[in-house]
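The block underneath contains the structure these notes are about, expressed in structure tokens.
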Amino acid sequence: MYKEVEIKAKLTDPAKTLKLLANFGIEFGPPIHQHDKIFSPRDLEDFGAFHQGISFLRVRRQDDDAFFTLKKSELNELESTEIETKVSDPEATENIIREVGYVFSTEVRKTRRKAKHNDTELCYDEVEDLGTFIELERIMEMGSDVEKAQGELFEFLKQFGVDEADRVTKGYDTLMLTLADSKQ
């Protein structure tokens, strides 16, 4: 089993960041359209808070495909054990999720473009209602030093015009809930 470790930043000047990445030899692929529905345990209080060891479920529609994912974080919100499988019927998957005691929490719609640099995947995300972000992800073995890896990833990102003030420590799902709460 592996962990997904990531860092994320909101881009204040996306064109500049893309240009600096391209100058470094990092080119992003074509756009991928993703629509995520996130589900949490029925009795969970304060979805927007960090919940160590709690499994969250996601159904992602990605262009013509659909995926079911379980994510469970231990250290922070941008580190998780992730198990994912392709599904043929996302509606039936959502019904099963509800039947086993999970409830719909939020949804995220984004256009993602991916690139690869060594053992790191870079995602350029235009997230509906939130803005433009860059996310760096690395798959690591269980027991690896997550904080060290997140620090290394962010140091790498800094050379492309991103600084600590741009750093985001929450997932898009939590950011969407925060946005919804602020509108009420």
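The values are calculated or read from the model by the stated rules, or taken from the named source; none is laboratory data. Computed from a prediction, not measured in an experiment: that's the story for all the values here. Note that we place each Cβ from the backbone using ideal geometry, even for glycine, and neighbour counts take in every protein chain shown.
Of all strands (runs of 3 or more DSSP E) completely enclosed by segment 102-162, which ones contain at least 3 residues that are among the acidic types (Asp, Glu) and modelled with pLDDT of 95 or more?
120-127
Hey, any hits in segment 69-86 for a residue that's under 23 Å from residue 34 (Cβ atoms) and over 16 Å from the mean Cα position of the chain (by Cα)?
Checked segment 69-86: at least one residue is under 23 Å from residue 34 (Cβ atoms) and over 16 Å from the mean Cα position of the chain (by Cα).
Going by what's in this entry, would residue 91 be described as in a strand (DSSP E or B), on the phi < 0 side of the Ramachandran plot and free of Cβ contacts under 8 Å to residues at least 40 places away in the same chain?
Taking the combined requirement at face value, the residue does not satisfy it.
This table checks each residue for (1) surrounded by 13 or more Cβ atoms within 10 Å (Cβ to Cβ); (2) in contact with a Lys or Arg (Cβ under 7 Å, 6 or more places away or on another chain); (3) of a type in the set (S, T, N, Q); (4) farther than 30 Å from residue 23 by Cα.
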| site | (1), (2), (3), (4) |
| --- | --- |
| 76 | yes, no, yes, yes |
| 87 | yes, no, no, yes |
| 109 | yes, no, no, no |
| 116 | no, no, no, no |
| 125 | yes, yes, no, no |
| 128 | yes, yes, no, no |
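For residue 94, work out the one condition from (1) buried (at least 17 other Cβ atoms within 10 Å of the Cβ); (2) within 15 Å of residue 79 (Cβ to Cβ); (3) more than 16 Å from the chain's Cα centre (by Cα) it doesn't fulfil.
(2) is the only condition that residue 94 fails.
Are any residues in segment 1-18 assigned to a loop (DSSP other than H, G, I, E, B) and over 21 Å from residue 155 (Cβ atoms), and if so, which ones?
Across segment 1-18, the qualifying residue is only 1.
Which residues, taken from segment 163-184, are at pLDDT 85 or above and among the acidic types (Asp, Glu)?
Correct list: 163, 164, 166, 173.
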